[in-house]
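S.K.: Starting off with a structure, shown below.
The values are calculated or read from the model by the stated rules, or taken from the named source; none is laboratory data. Being a predicted model, the structure only gives us computed values, none of them experimental. Positions of Cβ are generated from backbone atoms using ideal geometry, with glycine treated the same way; all protein chains shown enter the neighbour counts. The accessibility values were calculated without ligands, DNA or RNA, using every heavy atom of the protein model including side chains. Shrake-Rupley method; radii C 1.70, N 1.55, O 1.52, S 1.80 Å.
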Amino acid sequence: MKKVFHFGISSEPYRCDAAIVWCFDSRFELGFRKFLKRIGVSFPDAIKIAGGAKCLAAPEPESECEFVLEQIRKSMRLHGTTRVILMLHSDCGAYGGLAGGFGGDARAEAAHHEQDLRRAAATVAACFPGVEVQSYFVDFEGIWKVEPIAQQKPRPSGTSGVPRS
Ligand SMILES: [Zn+2]
């Protein structure tokens, strides 16, 4: 081999701030990376795939969902990841685009993607209990946080009503 480029990178053990499941559409890369830094994610394990979190919401080929869950699992095991960030964006080719998939209706698209992000977050939360999951929709003007549906408070132990054997 012949060295063709030089740089210096820390060789300390690597610990990731969050695993990011996002689409490989580069238009949203710069803005989303800036946002990630703002929320404390300087070292992301980037899982970049067509459609981003789509496969976790509606696993058309279920193998894609399994693959992505396995990537998250590896990020947790290898890099100590405790936070997963899910991303969908406007005009995504995996959804047929804004025009083709939603007739150019940006509000319908946003509403649809909000639901898909909730489904995807539920998939991740069910697979990895205790992991922090955050979901974002990115359009041409900014980034929108999808608030998780309020979870039911766990009942105090011993009052579950389930008979114990
Ligand atoms: Zn996309």
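S.K.: From Ser75, Ser42, which residue is surrounded by fewer than 17 Cβ atoms within 10 Å (Cβ to Cβ) and closer than 18 Å to Glu132 by Cβ?
M.R.: Ser42
S.K.: Identify all residues within the stretch 111-148 that are more than 28 Å from Ser75 (Cβ to Cβ) and open to solvent by less than 70 Å² (accessible area, probe 1.4 Å); write none if there are none.
M.R.: Result: Ala111, single match.
S.K.: Can you pull out the residues in the stretch 131-165 that are within 19 Å of the chain's Cα centre (by Cα), modelled with pLDDT of 95 or more and assigned to a loop (DSSP other than H, G, I, E, B)?
M.R.: Correct list: Val131, Asp139, Phe140, Gly142.
S.K.: If I go through the stretch 6-37 residue by residue, how many of them are touching a residue at least 40 places away in the same chain (Cβ under 8 Å), of a type in the set (Gly, Ala, Ser) and out of contact with any Lys or Arg (no Cβ under 9 Å at 6 or more places or on another chain)?
M.R.: Of the residues in that region, 1 qualify.
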